[in-house]
Amino acid sequence: MGERIRTVVADDHYLVREGTRRLLETSGEVTVTGAVGTPDELMDAVRRLAPDVVITDIRMPGGEWRPGFEGIDAAHRIRAAHPRTGVVVLSQFSDALYAFELFKHGTEGYAYLLKDRVGDLDELLGAIRAVASGGSVIDPKVVEGLLARRDVRGQREELTPRERDVLREMAHGRSNSAIARALHLSISSVEKNVNSIFAKLGLENSGDVHRRVAAVLAYLGPDRS
């Protein structure tokens, strides 16, 4: 087994952060080097401990931080000061506006997951691995809601059901081979669908995971007509 990913957990609810700590440490892949309850404590812990990944709640009231966006604002400050540290933001909000707020300066090294993912260790570990290597993840449930909203508005060139399935997997930060396994497709079929998606959306194809997530956000974003 390789070296464990060093993490700091931030949540203002003691039982939640301790539960998250214990869950992660049972995985054998993660070492939790610190668990804190405020944005200020989080920034201090990152400075002192230099973790590979931070896992933070979106809301941690207190201090002079922007109310309701404390975790997102802390994520931006962490990535600006410590660009090798990835950040997973856990949120109770499926409204994509919060995800767009997190990704507004770029997608690399960020993940936006709904808090119920904490109970799914594989999903949480997947996001941790992704941001530790500079990738990105946006919760598929958020993508699902955005796709449904676009269906109501209508769009010029509709994606096929298979392309929509592939788009959801792309949003989750998965490579073509991982998408093939998840959807029981051949890699060549996945590549064909990915190319078709990018062609329909007028977006440049790229093997970089964070750019693929950026493309998903560009497609689903509120400014796209």
Surface accessible to a 1.4 Å probe, T26 within the full protein complex, Å²: 100 Å²
Heavy atoms of K141 accessible to a 1.4 Å probe, total area in Å² rounded to 10: 100 Å²
Charge dipole magnitude, Cβ of K and R +1, D and E -1 - the range 1-72, Cα centre, debye nearest 20: 120 debye
Candidate lysines for bridging to K200, where Cα separation is under 16 Å - those fewer than 8 sequence places away on the same chain excluded: K192
With all protein chains modelled, accessible area of L125 [1.4 Å, Å²]: 10 Å²
Average accessible area per residue (Å²) across the range 1-145 - probe 1.4 Å, nucleic acids and ligands excluded: 44 Å²
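The values are calculated or read from the model by the stated rules, or taken from the named source; none is laboratory data. The model shown is predicted, which means the values in this text are computed figures rather than measured ones. For neighbour counting, all protein chains shown are included, and Cβ atoms are generated from backbone atoms with ideal geometry for every residue, glycine included. To get the accessible areas, we keep the full protein, side chains included, count just its heavy atoms, and leave off ligands, DNA and RNA. Shrake-Rupley method; radii C 1.70, N 1.55, O 1.52, S 1.80 Å.
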